[in-house]
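Below: the structure, in structure tokens.
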């Protein structure tokens, strides 16, 4: 079934993790403040955007990619609070996600796996002081559980975008 970019963005958004709360993080042994939870939520958003972007590149034509990226950004901004991003400026977060995505892409280009990307992401959060040192394995478990890498590929492979 054909979807508009907006409909497709809604589908992709629904597959993303939401409500990255201190309570959810506590389930992974991560006892964090609200501010630390927001940093982790931002990192999760960067990871999700990277894997979504990779799936877009693999499955859509260049002109479709731009339309999907625009629709997805609008959808993300609508759900900003649900993503745990309140208090963060969307344009700054998207800019940071793009920079993080370049680092993730380099890891994949060098033969790394999604686990390698998640490991880099966890290490970055520790280095930035967003979580206490030694939380690497807990963050890795969280990322593996909540970032639906394969789902993004499957969803975007099945898309047929309309011009509307």
Total residues in the stretch 32-63, condition surrounded by fewer than 18 Cβ atoms within 10 Å (Cβ to Cβ) and either assigned to a helix (DSSP H, G or I) or in contact with a helix residue (DSSP H, G or I) (Cβ under 6 Å, 6 or more places away or on another chain) (or both): 6
Kindly list the number of the only condition in (1) surrounded by fewer than 14 Cβ atoms within 10 Å (Cβ to Cβ); (2) at pLDDT below 90; (3) not in a helix (DSSP H, G or I) that fails for residue 29. (2)
What number goes with the only condition from (1) surrounded by fewer than 16 Cβ atoms within 10 Å (Cβ to Cβ); (2) touching a helix residue (DSSP H, G or I) at 6+ places or on another chain (Cβ under 9 Å); (3) closer than 20 Å to residue 132 by Cα that residue 74 does not pass? (3)
How many residues of the stretch 105-145 are farther than 25 Å from residue 27 by Cβ and either part of a helix (DSSP H, G or I) or touching a residue at least 40 places away in the same chain (Cβ under 8 Å) (or both)? The answer is 5
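The values are calculated or read from the model by the stated rules, or taken from the named source; none is laboratory data. Because the structure is predicted, anything quoted here is derived from the model rather than measured. Glycine also receives a Cβ, built like all others from the backbone with ideal geometry; neighbour counts cover every protein chain displayed.
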